[in-house]
Amino acid sequence: MQQEIYVYLIIFIYGIIIGSFLNVLIYRLPKKEDIVIKSSSCTKCGHKLQWYDLVPLFSYICLRGRCRYCNEKISAQYPIIEGLNGIIYIIIFLKFDFSVTTSLMCFFSSILIAISVIDYRTFEIPDILNIVLVVIAIISLFFTQDILERILGFVLVSGFMYLLLILFRALRNIDCFGGGDIKLMAAAGLFLGGRRIVLAFFIGCILGSVIHLMRMRFKHVGNVLAFGPYLCAGIFISMLFGWDMLNFYMGLLNFSL
């Protein structure tokens, strides 16, 4: 038991390190800035940060949420993203145990986090992130026996969403999805397969409808929403619990018969 605790502690630390890089993606990709070579600096005073200012989660706690050099508040986004990514890694490994596929699920989930925040803020999903999802999905094909199911998911969801996009443009002259949303779901379809990606799509639609209607009612936001975060939530839920949910539903159908 104690050994397992150490293992999951290592997984959490690894998760928050990746989460720190996600913050770099979230901040720099919309600005078209370099994400590899450029050194990190304070977003308020511009002072170059040292390695001890960048220790995931712990630097924020030690500095009490303020920049060491100008004493301005550091956005709470940084520890939230880092901690969330670490927790998600633990959840995935607890659910699926240790395997290459589990590691790929972790990386896939990390990119979903970055996409969610960027799309929420900018209403755009960077193509590079969707490309990374496709690469992860292609790698996962080497560790699965349901390749046809995965290809079906890729074709099914991308074709269906593209058809909806054409219909809405023709009937109402509006875009119900962005191109980034379709690419996101196509990549997720290749990763999850046909049945789970359909479930993910419907979960995302339900979450988007309910949550955005509540935001319109209580926060008086407009009717235009960034759909990416809800699709990402649907993908993540379906990735973790998709087969359980589908089996439960099929069990209800058999019972009703």
*Single condition Glu4 does not satisfy, out of (1) on the phi > 0 side of the Ramachandran plot; (2) exposed (fewer than 15 other Cβ atoms within 10 Å of the Cβ)*: (1)
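Residue by residue, here is whether (1) out of contact with any Leu (no Cβ under 7 Å at 6 or more places or on another chain); (2) surrounded by 14 or more Cβ atoms within 10 Å (Cβ to Cβ); (3) part of a helix (DSSP H, G or I); (4) assigned by TED's automatic domain parsing to the domain that holds Ala188 holds:
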{"residue": "Ile131", "(1), (2), (3), (4)": "yes, no, yes, yes"}
{"residue": "Ile139", "(1), (2), (3), (4)": "no, yes, yes, yes"}
{"residue": "Gln145", "(1), (2), (3), (4)": "yes, no, no, yes"}
{"residue": "Leu148", "(1), (2), (3), (4)": "yes, no, yes, yes"}
{"residue": "Val157", "(1), (2), (3), (4)": "yes, yes, yes, yes"}
{"residue": "Phe160", "(1), (2), (3), (4)": "yes, yes, yes, yes"}
{"residue": "Phe168", "(1), (2), (3), (4)": "yes, yes, yes, yes"}
{"residue": "Ile174", "(1), (2), (3), (4)": "yes, no, no, yes"}
*Hey, does region 60-69 have a residue that's charged (D, E, K, R) and assigned to a helix (DSSP H, G or I)?*
no
*Would you point out which residue out of Gly83, Gly46, Gly15 is at positive phi and of a type in the set (Gly, Ala, Ser)?*
Gly46
*Among Tyr27, Tyr52, Tyr8, which is the only one that is hydroxyl-bearing (Ser, Thr, Tyr) and under 29 Å from Asp119 (Cβ atoms)?*
Tyr27
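The values are calculated or read from the model by the stated rules, or taken from the named source; none is laboratory data. Since the model is a prediction, treat every value here as computed from it, not as a measurement. All Cβ positions, even for glycine, are placed from backbone atoms using ideal geometry, and neighbour counts span all protein chains on display.
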